[in-house]
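Below is one structure, written out as C-alpha cells; the observations come after it.
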Amino acid sequence: ACKVNFEDSALVNCHNNAEATHENLNSQFSPSVLIFLGTESQLLGFPIQIPQYKVQQYNNQQYMCAPALEVISADKEAKKQLWNALKILFSIS
C-alpha cells in the first residue's frame, strides 16, 4: 500500500549499534523518510523530538516514531494509529 520496495528502503537495527547515528545514517543512505520503531530519535543523535505517530518535517526529511512492532501487534488502537501515520507519511488516501 505504501508503494515502497526493498530497493527503496533500508532496515537498520540500532540496538547496541554505535554506528547508527544521525550523521552516519544520513551520509550512508540519504533518506527522505525515517521511521523509528521501538526507539527514540534523540537516542541516535537526531536533533528533534518526534512524538509517537506524528509525522514531522526536518532538514528536507520526514520522520515518524512508533512503539516496537511487538507492542503494536498486540494493540488494536496502536495498529490504527500506525496505519494513519503511514498514510500521511506516504500520502495514501
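Show the residue pairs that are 6+ apart or on different chains and have beta-carbon atoms under 6 Å apart, the first residue being within the range 1-29 and touching a residue at least 12 places away in the same chain (Cβ under 8 Å) and within 19 Å of Tyr58 (Cβ to Cβ), the second being open to solvent by less than 100 Å² (accessible area, probe 1.4 Å) and among the polar types (S, T, N, Q).
Note: pairs meeting the criteria are Cys14/Thr39.
Would you pick out the residues in the range 1-28 that are part of a helix (DSSP H, G or I), closer than 27 Å to Trp83 by Cβ, open to solvent by 90 Å² or more (accessible area, probe 1.4 Å) and of a type outside the set (D, E, K, R)?
Listed by number, the list holds a single entry, Phe6.
So which residues in the range 63-85 are within 14 Å of the chain's Cα centre (by Cα) and either outside any helix (DSSP H, G or I) or surrounded by fewer than 18 Cβ atoms within 10 Å (Cβ to Cβ) (or both)?
Scanning the range 63-85 gives Tyr63, Met64, Cys65, Ala66, Pro67, Ala68, Leu69, Gln81, Trp83, Asn84.
Whether any residue in the range 40-52 is closer than 16 Å to Leu82 by Cβ and surrounded by 15 or more Cβ atoms within 10 Å (Cβ to Cβ) is what I want to check.
yes
The values are calculated or read from the model by the stated rules, or taken from the named source; none is laboratory data. The model shown is predicted, which means the values in this text are computed figures rather than measured ones. Glycine gets a Cβ as well: all are built from the backbone with ideal geometry, and neighbour counts include every protein chain shown. Note: accessible area is taken over every heavy atom of the protein model, side chains too, but ligands, DNA and RNA are not part of it. Shrake-Rupley method; radii C 1.70, N 1.55, O 1.52, S 1.80 Å.
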